[in-house]
1. Given +1 on the Cβ of Lys and Arg, -1 on the Cβ of Asp and Glu, and no further charges, what dipole in debye does segment B:158-323 carry about its Cα centre, rounded to the nearest 20?
2. Distance between Cα centroids, segment B:248-269 to segment B:69-137: provide it in whole Å.
3. To the nearest 20 debye, what charge dipole does chain A have about its Cα centre, counting +1 at the Cβ of each Lys and Arg and -1 at the Cβ of each Asp and Glu?
4. Contact order normalised by length for segment B:41-149, with contacts defined as Cα pairs under 8 Å and 6 or more residues apart; what percent is it?
5. Rounded, prolate or oblate: which one fits segment A:260-336, using the alpha carbon gyration tensor with axes a ≥ b ≥ c (rounded when a/c is under 1.5, else prolate when a/b beats b/c, else oblate)?
6. When the C-alpha atoms of chain A are aligned to their principal axes, what extent does each axis show, in angstrom, from largest down?
7. Calculate the spin-label point distance for B:Arg246 paired with B:Phe63, positioning each point 7 Å from the Cα along the beta-carbon direction, and give it in nanometres.
8. Regarding segment B:135-279, what are the three Cα extents along the principal axes, ordered largest first, in Å?
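The values are calculated or read from the model by the stated rules, or taken from the named source; none is laboratory data. Worth saying up front: this structure is predicted, and the values here are computed from it rather than measured. Note that each Cβ is placed from the backbone with ideal geometry, even for glycine, and that neighbours are counted across all protein chains shown. The accessibility values were calculated without ligands, DNA or RNA, using every heavy atom of the protein model including side chains. Shrake-Rupley method; radii C 1.70, N 1.55, O 1.52, S 1.80 Å.
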2 protein chains.
Amino acid sequence: MKVSRIQLDHGAGGRASQELVSGTFLPALENPILGELNDSALLDIKGMRLAMSTDSYVVDPIFFPGGDIGSLAIHGTVNDLAMRGAQPLYLSVGFILEEGLEVVVLERLVDSMAAAAREAEVKVVAADTKVVPRGKADRIYINSAGIGAIPPGVEVAGQNGQVGDVVLINGPMGDHGVAVLSTREGLSFQTGVKSDSASLNTLVADMLAASRKIHVMRDPTRGGVATALNEVALQSGVGIRLEEQRLPTRSAVNAACEMLGLDPLYVANEGKVLVFVAPEDADLVLSAMHRHRLGREACKIGEVVSDHPGRVVLQTGIGGTRIVDMLSGEQLPRIC
Amino acid sequence: MKVSRIQLDHGAGGRASQELVSGTFLPALENPILGELNDSALLDIKGMRLAMSTDSYVVDPIFFPGGDIGSLAIHGTVNDLAMRGAQPLYLSVGFILEEGLEVVVLERLVDSMAAAAREAEVKVVAADTKVVPRGKADRIYINSAGIGAIPPGVEVAGQNGQVGDVVLINGPMGDHGVAVLSTREGLSFQTGVKSDSASLNTLVADMLAASRKIHVMRDPTRGGVATALNEVALQSGVGIRLEEQRLPTRSAVNAACEMLGLDPLYVANEGKVLVFVAPEDADLVLSAMHRHRLGREACKIGEVVSDHPGRVVLQTGIGGTRIVDMLSGEQLPRIC
């Protein structure tokens, strides 16, 4: 059903977001690159393959356990580029500041961005600042866009999932969403969970050095692992089977999700990558992940199947199966 | 004096903006490319020269005579790339939507962006949408970032102004600022002035085809012609002399500025370019501008001098001179 006004759902990264993109943006801005709906666009400039990506960050609160909106704005865009196998090179940042924001807060966030950029070995080369009157923003919003170079021979895209591919993840699900939620006004429970917010480009480089049979990478941010896998299932026209007892979560995340009525499969991550790799190379890639600081808890969570194309199915611990749909509705507003 | 909270001034593009950039952003994000403070950054990727730029758009109201926030978001970033002599190629767009925004309004704006992109022959290849709760934004904010290719032999930058250069502009000043202001709530005077919002890349291409002795191009947006010229005077370490009777303005813009106590030299433009060209090629470039739809009213407004380096001086009609400073304070909030 087409709605007449924008709802919070439209920004949640699930079904409503997708309907907005396919109903409003794609028909008007129609071009094959945007239509591919990958984490970043693949550009060919005079024979050189570049990836380009953008994301705006509106996370609330702006400081959360394990990170802040500044470092998140670097990690997020670095990761979108890395998901194409690109080496992230240059970022631009655009600030929208609310009148009255404390300058020390801005300075702290810019320092955090700078540290994140140094760690990911990317350069912030362009910046813009706008200020809006009090009450027309919520302290600070940040956009970052980036470009990266895709090495020859690397062909990673959401369309490339193949039957037989093994699906890996580099660690437990839901840390970012639970960390942000745990600090939100009116929900001041203490979980001890920290956001996983991190730049994945060096992990990805290690994985690609181990195997060129990585077909798909996707970072399960808004909408979580469930939504990201549904997107890939649709883009590649394949089925995905997950094994429930293999899905990694921390016990504190499970406990928080239970209390809040959330499913960790739908909770946002900011330092996780889903990897689709040919079965003969799965162990190679898993070993490479285990050797990296951000992949120590990497594991296999499922595989690509020829059954139920376009759908993700979970094999439960008790032998049954259930369909894992895309996120519909707003689970966690302003999580990134 | 260092202030403790962000003020509207910090987004006005004048002195306060510059202090924020040089006091907060540059020290933290220190790198030579960002430090050049040009409209777009010059990148070298494997020997290919690219320009990259970003801008966020928060204009109020979102529809104004001659344009809207959608087309403005395309024009503005296309122009920032063109100011480096780059051929704009690919844009990313990031939307921050306020819950409750009418979907038909969004559709109208996206159509307007698409038309502007087609006209400028750039492709929107990456997009992102966030939604914030009611009262946490003002309907819609748009970021656009872009990359373009700089043709071999083109060397245009704010640092390159040379004594003797002739300063040209492609038409009258202040149309955008007055058009936006004329529709603003509580200021409902009717001027008939339309925004000059337009993509300048084809005009720039014609100018560069006429001469490779164009040293500087700058689009005088926030802070107007006065601020843009002050920036160039500082970057190039030269003086600039303007002739008051040559400064082009429409009579309706003059009348509106007089009523509001504004100086057209400080009012924003979104389809104007200031050109610094070697004197021997000035007529060639001026002729090329006159032949383009967006340059019919192009004229010479001043020249680069060895006196008073870093300063812009106006020769008045009555034979006197006065210093034209950078915009200080907020003249027109949320003009772009």
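1. Roughly 160 debye, rounded to the nearest 20.
2. 28 Å
3. 100 debye
4. 43 percent
5. Oblate shape, in that a/c is at least 1.5 and b/c is the bigger or equal ratio.
6. The Cα atoms of chain A stretch 55, 53, 44 Å along their principal axes.
7. 4.1 nm
8. 49, 38, 26
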